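Just so it is clear, none of the values below were taken in a lab; they were calculated from the coordinates. Fair warning: this is a prediction, and the values are worked out from it, not measured in the lab. Virtual Cβ from ideal backbone geometry, glycine too; neighbours counted across all protein chains shown.
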Amino acid sequence: MNVYDGERMAEMLTAQGMVPAKDGVDADMVVLNTCHIREKAVEKVYSDIGRLKREDGTRPMIAVAGCVAQAEGGEISRRTPMVDIVVGPQAYHRLPDLVAKAVRGEPALDTDMPAASKFGALPARTKQPRPTAFLTVQEGCDKFCTYCVVPYTRGAEISRPWQAILDEAQALVDGGVREITLLGQNVNAWAGEDGKGRTRGLDGLIRELARMEGLDRIRYTTSHPNDMGDGLIAAHGEIDKLMPYLHLPVQSGSDRILKAMNRSHTRASYLRLLDRVRAVRPDIALSGDFIVGFPGETDADFEATLSLVREVRYAHAFSFKYSPRPGTPAAGMDDQVAAQVMDERLQRLQAQVTADQLAFNQASVGRRCSVLIERPGRKPGQLVGKSPWLQSVHVHVEGHRIGDMIDVDIISAGPNSLAGELPQKKEAA
């Protein structure tokens with residue numbers, strides 16, 4: 001979502017007559033779009049601000065945007081006077097006005113969270129530099145997991161209107177996009193009325209997008225298990241354009257920890273959900289999120305997480321050490337886990353995830369699949385694209401370019417990518 005927000009801010013500034021700088025040294029203005037999910041991300045913001053000061057003592061205009069801006073507000077400028085603009089994630093449509101204020105030497109701070117959607121104030125999408133694009137359809141979260149700062153920095157769940165999403169998707173396709181990933185902090189909570197006044201969920205939106213000529217692939221992220229309804233599960237077995245990949249965070253394999261996290265699902269209910277998805281789409285690639293070292297997590301709790309990972313066999317997973325976020329209930333809980341314990345647990349978890357990811361990729365060897373070419377590779381003549389299962393595929397081809405969809409035979413696999421080749425033409429008998 002931050003990538004999407006960053007692109008939209010760049011489009012706004014371009015509409016004001018600005019052009020992208022070749023690098024940070026040449027920039028007249030730098031926008032740092034920030035995340036507040038983990039402490040390390042926050043620390044990086046202040047480190048990046050300090051590095052923007054040039055050797056001759058000058059600096060660009062600096063804007064801090066995103067969730068750190070929302071959480072810390074004016075404290076950012078007080079702590080680091082180099083910052084000219086502070087704008088939260090629900091107010092970045094006002095960035096051009098804030099730039100004008102900063103030029104005049106006026107305070108430029110906006111962390112309001114208005115009920116009115118910011119999306120209507122953003123410029124129309126134009127030709128895109130890549131064949132893939134993100135499209136935010138939902139923001140905010142009402143789940144209030146005890147470790148999570150999102151409800152406080154992004155606000156309550158809101159769903160963008162049906163027609164606004166379709167219009168933006170069509171503009172992206174008209175601009176050369178062939179694959180769209182629908183985004184939301186809790187994307188499968190999206191709900192709205194279609195053009196006929198009928199209430200629709202994310203599955204209905206996906207079905208409508210699948211009718212769009214020129215749009216070949218649809219993905220979505222990130223989902224909550226409690227909002228994974230029957231219609232969305234069925235869509236995975238019925239819509240060819242919906243790619244066989246599901247990111248469904250579980251966070252822990254221990255019911256005791258899940259309850260402390262306020263996750264509202266159990267280990268058993270999560271596994272039953274995965275079974276239902278696999279029943280309609282047996283080849284689906286599953287991805288998840290995990291937090292190790294949540295307050296009170298015992299060795300037995302962590303072993304429950306490891307056993308869940310071994311049972312599911314994720315194609316990919318994100319795993320992190322618990323990071324206490326100010327203002328969240330978990331930050332004040334007793335039994336905070338020691339850093340060295342979290343380190344050891346994270347290493348063990350990531351070793352298992354890496355082994356499972358390699359196994360998933362190796363199972364692709366010998367398979368023929370379609371690959372959407374996204375960028376040049378590091379080697380001459382090499383192109384890189386994504387398989388339907390979101391694997392990076394490297395292939396040496398001639399006569400193809402970025403944006404092409406080509407059939408590829410997978411010939412080798414590593415933990416992070418695959419190698420492919422064009423199918424060999426059979427010689428005439």
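Please report, in cubic angstrom per residue, the volume enclosed by the convex hull of the alpha-carbon atoms of the range 297-429. Mind dumping the intermediate values first?
Working: hull volume 20.7 nm³, N = 133.
It is 155 Å³ per residue.
Determine the calculated [θ] at 222 nm for the chain from helices alone, applying -39500 (n - 2.57) to every DSSP H run no shorter than 4 residues and normalising by the residue count; nearest 500 deg cm²/dmol. Before the final figure, lay out the partial values.
Numbers: 13 runs with 141 residues, N = 429.
Taken over the chain, the calculation gives -10000 deg cm²/dmol.
May I ask you to compute the full-extension gain from D299 to E238, defined as 0.36 nm times their residue separation minus their alpha-carbon distance, rounded to one decimal in nm? Walk me through the intermediate numbers first.
Numbers: separation 61, 0.36 × 61 = 21.96 nm, distance 4.17 nm.
That works out to 17.8 nm of additional length.
What distance in nm separates the two pseudo spin-label positions at D48 and Y4, each 7 Å out from Cα along the beta-carbon direction?
For the pair D48/Y4, the computed spacing is 1.9 nm.
Starting from the range 195-252, pick out the trypsin sites (Lys or Arg not before Pro) whose DSSP state is loop and whose Cβ has at most 11 other Cβ atoms within 10 Å. Intermediate values should be presented prior to the final figure.
Values: sites: K196, R198, R200, R207, R211, R217, R219, K241; in loops: K196, R198, R211, K241.
Answer by residue number: K196, R198, R211.
Just round it to a whole percent: the fraction of Cα-Cα distances in the range 176-334 exceeding 21 Å.
Working: 6302 of 12561 pairs.
That fraction is 50 percent.
So which GluC sites (Glu not before Pro) in the range 148-255 are both in a DSSP loop and have at most 13 other Cβ atoms within 10 Å of their Cβ?
Details: sites: E157, E168, E179, E193, E208, E213, E238; in loops: E157, E213.
Sparse-neighbourhood loop GluC sites (Glu not before Pro): E213.
About the Cα centre of the range 273-429, how large is the charge dipole given +1 on each Lys and Arg Cβ and -1 on each Asp and Glu Cβ? Please answer in debye to the nearest 20.
The calculated dipole for the range 273-429 is roughly 700 debye.
What's log10 of I(q)/I(0) for the range 1-135 at q = 0.15, 0.20 Å⁻¹, Debye sum over Cα points only, no solvent?
-0.73, -1.33
With +1 on each Lys and Arg Cβ and -1 on each Asp and Glu Cβ, how big is the dipole of the chain about its Cα centre, in debye rounded to the nearest 20?
Working: 53 positive and 56 negative charges, 87 e Å.
Roughly 420 debye, rounded to the nearest 20.
Would you mind computing, in nm to one decimal, how far apart the modelled labels at E193 and K259 are, each placed 7 Å from Cα along Cα→Cβ?
According to this spin-label approximation, the distance is 4.2 nm.
In nm, to one decimal, how far is the L422 label point from the I402 one, both placed 7 Å along Cα→Cβ?
Result: 2.1 nm between the two label points.
From zero outward in steps of 10 Å, how is the percent of C-alpha pairs of the chain spread across the bins?
All Cα pairs considered, the percentages come to 4, 19, 27, 29, 17, 3, 1, 0.
How long is the gain from D289 to A339 if the chain were fully straight, where each residue apart is worth 0.36 nm and the alpha carbon distance is subtracted? Could the numbers behind the result be given before it?
Numbers: separation 50, 0.36 × 50 = 18.00 nm, distance 1.95 nm.
Separation in residues times 0.36 nm, less the Cα-Cα distance, equals 16.0 nm.
In the range 278-429, what % of DSSP beta bridges are antiparallel (nearest 5)? Intermediate results must be reported in sequence, preceding the final value.
Details: 18 of 28 bridges.
The antiparallel proportion sits near 65 percent.
Measuring from centroid to centroid over Cα atoms, what is the spacing of the range 146-181 and the range 326-404 in Å?
Going from one Cα centre to the other spans 23 Å.
Mind listing the long-range amide H neighbours of R125? Cut-off is under 5 Å, sequence gap 5 or more, other chains count too, H placed in the peptide plane at 1.01 Å from N.
Excluding prolines and chain starts, which carry no amide H, there are no hits.
Quote the FRET efficiency, to the nearest 0.05, computed for Q16 versus Q382 with a Förster distance R0 of 45 Å and r equal to the Cβ-Cβ distance.
Values: r = 38 Å, r/R0 = 0.84.
Efficiency for this residue pair is about 0.75.
Got a sec? Charge dipole of the range 112-222, +1 on Cβ for Lys and Arg, -1 for Asp and Glu; which of S117, N186, G197 is way out at the positive end?
N186
Quick one: the Cα spread of the range 11-61 along its three principal axes, in angstroms, biggest first?
Largest first, the range 11-61 extends 35, 30, 15 Å along its Cα principal axes.
Using a 4.7 Å Cβ cut-off, which Cys residues in the chain lack a partner cysteine?
Cysteines lacking a close Cβ partner in the chain: C35, C67, C141, C369.
Rg/Rh for the range 303-367 to two decimals, with Rh computed the Kirkwood way over all alpha-carbon pairs. Working shown, then result.
Values: Rg = 15.4 Å, Rh = 13.8 Å.
When Rh is taken as the Kirkwood radius, the ratio is 1.12.
Can you tell me the FRET efficiency between M82 and D142 if r is taken as the Cβ-Cβ distance and R0 is 30 Å, rounded to the nearest 0.05? Walk me through the numbers before you get to the answer.
Values: r = 36 Å, r/R0 = 1.21.
After rounding to 0.05, the efficiency reads 0.25.
Provide, in order from the shortest bin, the percent of all Cα-Cα pairs of the range 353-426 in each 5 Å bin, continuing until the bin that contains the maximum pair distance.
Reading the bins upward from 0: 3, 18, 32, 24, 15, 6, 2, 0.
Give me the compactness ratio for the range 55-100, meaning the Cα radius of gyration over 2.2 N^0.38 Å.
1.18
Only bridges with both residues in the chain count here: give the DSSP antiparallel percent, nearest 5.
Percentage antiparallel, nearest 5: 40.
Which FRET efficiency value, to the nearest 0.05, do you get for V25 and Q362 by plugging their Cβ-Cβ distance into 1/(1 + (r/R0)^6) with R0 = 56 Å? If you can, show how the numbers build up before the last one.
Details: r = 43 Å, r/R0 = 0.77.
FRET efficiency, V25 to Q362: 0.85.
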